[in-house]
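Some notes on the structure that comes next.
The values are calculated or read from the model by the stated rules, or taken from the named source; none is laboratory data. Computed from a predicted structure; not experimentally measured. Here the Cβ is made from the backbone with ideal geometry for all residues, glycine too, and neighbour counts use every protein chain on show. Areas reflect the complete protein model, heavy atoms only, side chains present, ligands, DNA and RNA absent. Shrake-Rupley method; radii C 1.70, N 1.55, O 1.52, S 1.80 Å.
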Amino acid sequence: MSAATPRDEAARRVRAWRDAGERVVLANGCFDLLHVGHLRYLADARSRGTRLVVALNTDASVRGLKGDGRPWTPLAERAELLLGFACVDLVTSFDEPTLEATLRALVPDVHAKGPDYTPETVPEREVDRELGIEIAICGDPKDHSTTDLLARVRER
């Protein structure tokens with residue numbers, strides 16, 4: 001069974017990849033119930049580099065963002081599912097309200113965010129700028145969400 005790589009180990013692997021001349025992209029999110037929008041976002045993010053690291057919100061973090069009863073899928077299973085995507089090289093997790101500590105630990109070349117952001121609205125944009133990390137807005141228009149998917153299921 002696959003699991004999320006601890007952040008300190010993920011940082012060592014990112015440094016080794018960057019030292020070898022690879023371009024590392026970092027994407028993040030809850031990825032509670034996977035849908036096509038997630039895959040499109042991650043595939044687009046991967047196209048911005050040669051390695052893709054995904055930082056998953058921990059279960060406690062998802063509950064804080066989405067409310068009681070979430071996540072539907074526990075962290076270890078979300079990590080395993082994401083690692084099944086050909087575009088994903090490594091999965092780590094974070095418990096903080098923003099990705100700042102993970103960005104500082106990993107220092108990727110690119111910070112990928114979904115189309116619900118602009119470079120000016122990315123919460124960690126100042127950290128990205130400070131560390132010289134490029135911001136890339138990735139994925140198709142935000143026409144998919146876990147919340148919408150669950151609403152459709154409940155209607156049936």
**Asked** Length gain on complete extension for the stretch A76 to D116, per 0.36 nm per residue less the alpha carbon to alpha carbon distance?
**Response** 11.8 nm
**Item:** Accessible surface, per residue, of the range 23-73 when the full set of protein chains is kept, probe 1.4 Å, Å²
**Value:** 40
**Prompt:** Rounded to the nearest 0.05, what FRET efficiency is calculated for E130 and A20 with R0 set to 41 Å and r the Cβ-Cβ distance?
**Reply:** 0.95
**Message:** Considering all projection directions equally, how large on average is the shadow of the alpha-carbon convex hull of the range 93-135, in square nanometres?
**Reply:** 3.0
**Request:** Would you mind calculating the relative contact order of the chain from Cα pairs under 8 angstrom and at least 6 residues apart, reporting the percent as a whole number?
**Result:** 31
**Message:** Could you compute the net charge surrounding A27? Neighbours are other residues with a C-beta less than 10 Å from the C-beta of A27; K and R count +1, D and E count -1.
**Reply:** +2
**Length-normalised contact order for the range 61-127 - Cα pairs under 8 Å, 6+ apart - percent** = 25
**Fill in**
The FRET efficiency for H35 and E9, from their Cβ-Cβ distance with R0 = 35 Å and rounded to 0.05, is 0.75
**Asked** With Cβ to Cβ distances under 15 Å as the rule, what net charge do the other residues near L81 carry (K, R +1; D, E -1)?
**Response** -4
**Asked** What is the gain in length, in nm to one decimal, between D95 and R156 on full extension, counting 0.36 nm per residue of separation less the C-alpha to C-alpha distance?
**Response** 18.5 nm
